[in-house]
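S.K.: The structure that follows is given in the form of structure tokens.
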Amino acid sequence: MKHVPAATEPIVLECDLPQSPALVWRALTEPDLLSQWLLPNDLLPEVGARFRFKPADHPRAQPIECEIMEVEPNRTLRWRQTEAGDADSGWQPVTSVVTIELTDNVGGGTHLRLVHDEFRVISAVACLTMGAPQKARAAVVPLRRRGSSGPNRANLVCQLRRAA
């Protein structure tokens, strides 16, 4: 797979939650709970496991293909993801890494830190081998930042209450 150097800074989101790391871990690793605040998925929290996030907000949206890189229950979850892109809208195929770290707060609860980084635009040839649309552009272009996307804290807190 041909990569170009990263073209954007990491996206870092941090928040303090009143729930325990074990409860936050459930919201991050149980597909039904995770889908209620992020995207529908078939996540299995085991190193090497492959899963998909299934965007439903756009009729041509491709699944985000992921592979678990690191798991430390109640502490760390890291995966690499590949977004196929959409040549018609100008989005290029991109790989990136998402790392979620949970730590105990001194006063109780959990500090959640999510880092989305290692953004790489991948070549159209590699993209085609991953099942992306045949319309993908052949040229590798600089990554366009889509904006700050990540877990919505309010939705996560609501979901944690339901999981309790």
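The values are calculated or read from the model by the stated rules, or taken from the named source; none is laboratory data. Please read all numbers here as calculations on a predicted model, not as lab measurements. Backbone-built Cβ (ideal geometry, glycine too); neighbour counts: all protein chains shown.
S.K.: Across region 36-57, what is the number of residues that are surrounded by 13 or more Cβ atoms within 10 Å (Cβ to Cβ) and acidic (Asp, Glu)?
M.R.: 1
S.K.: Quick one: what pairs do we get from region 34-50, first residue under 12 Å from Cys66 (Cβ atoms), second modelled with pLDDT of 95 or more and basic (Lys, Arg), C-beta under 8 Å, 6+ apart or different chains?
M.R.: Pairs that qualify, where the first residue is under 12 Å from Cys66 (Cβ atoms) and the partner is modelled with pLDDT of 95 or more and basic (Lys, Arg), are Asn41/Arg52; Asp42/Arg52.
S.K.: Scan Glu14, Glu65 and give me the residue that is among the acidic types (Asp, Glu) and either under 16 Å from Ser96 (Cβ atoms) or part of a loop (DSSP other than H, G, I, E, B) (or both).
M.R.: Glu65
S.K.: Which residue is surrounded by the fewest Cβ atoms within 10 Å (Cβ to Cβ), if the candidates are limited to region 93-110 and must be touching a helix residue (DSSP H, G or I) at 6+ places or on another chain (Cβ under 7 Å) and in a strand (DSSP E or B)? First the steps, then the outcome.
M.R.: Initial filter on region 93-110 (touching a helix residue (DSSP H, G or I) at 6+ places or on another chain (Cβ under 7 Å)): 93, 100, 102, 104, 110.
Next cut, in a strand (DSSP E or B) only: 100, 102, 104, 110.
Values: Ile100: 21, Leu102: 21, Asp104: 13, Thr110: 21.
Taking the candidates together, the pick is Asp104.
S.K.: Being at pLDDT 95 or above, surrounded by fewer than 17 Cβ atoms within 10 Å (Cβ to Cβ), farther than 24 Å from Ser20 by Cβ and in contact with an Asp or Glu (Cβ under 7 Å, 6 or more places away or on another chain) narrows it down to one of Arg113, Arg80, Arg60, so name that one.
M.R.: After ruling out the rest, the residue left standing is Arg80.
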